[in-house]
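Okay, structure first, notes after.
Each value in this text was obtained by applying a stated rule to the coordinates, not by laboratory testing. For clarity, every value in this text was computed on a predicted model and none was experimentally measured. Cβ coordinates were reconstructed from backbone atoms using ideal geometry, including for glycine residues, and neighbour counts include every protein chain displayed.
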Amino acid sequence: MKKWHHAPIHIVDNAGTYMVTAGTYRKHKYFDTRNKIEFLHDTLIDCASEFSWELQAWAVMSNHYHFIAISQKPENLVKFISKVHAVTSRFVNRIDDSPGRKVWFQYWDTQITHQSSYLARLSYVHYNPVHHRLVEDARAYEWCSASWFGKNSEKTFYKAVTEAKIDRVKVEDDFDGTA
């Protein structure tokens, strides 16, 4: 298959665990109020359930989001992301009185096949609000799963994830240093 150099290729035909990152058009902070970011967060959670994606970790910021999820039907990822983007675009454009404005740019997906990569990416997603200087402790960021993970995971698994090295994780995450 020949790659098109303007967009990531999406080959999601194997059941399993995936990491997804999506960014807004020109990295603009369209989800810049509590109401907007909460709507994006809740829409992501609802659509994951609707399309049978079992979320493992998520972090939603004003101009991008990351999540890790497990699916037995990964071929519906395009429909899942399309719905999230369509619903949230209409919502934010209605609030901003900007009908038809392009809100989302594209998304990247990667299947996670190794345990060490899984642990590192879980840590990366949970740590993302700290990386973007939104909070000092990711558990304090409302639109991230770090607090939920800390309360609900087994202590040994929590320790393994929080101690996982994230310096070698390669993720599209150049969103202007702050989100």
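Details
- Going through [x] 56, 24, 16; [y] 24, 20, 19; [z] 24, 20, 16, the figure that equals semi-axes √(5λ) of the Cα gyration tensor in Å as computed for the structure here is [z].
- The order of Ile95, Ile81, Ile45, going from fewest to most other C-beta atoms within 10 Å of their C-beta, is Ile95, Ile45, Ile81.
- For the stretch 56-65, Karplus couplings with θ = phi - 60° (6.51, -1.76, 1.60), whole Hz, Gly/Pro x: 10, 7, 7, 8, 10, 10, 5, 9, 5, 8
- Going by neighbour counts of Cβ atoms within 10 Å, the residues Arg139, Arg26 line up, fewest first, as Arg26, Arg139.
- Summary of packing: across the peptides 82-89, 63-70, the per-residue average of other C-beta atoms within 10 Å ranks them, highest first, as 63-70, 82-89.
- All other residues whose Cβ lies under 10 angstrom from that of Glu50 are scored, Lys and Arg at +1 and Asp and Glu at -1, for a net of +1.
- Residues Thr21, Thr156 in ascending order of nearby Cβ atoms (within 10 Å, fewest first): Thr156, Thr21.
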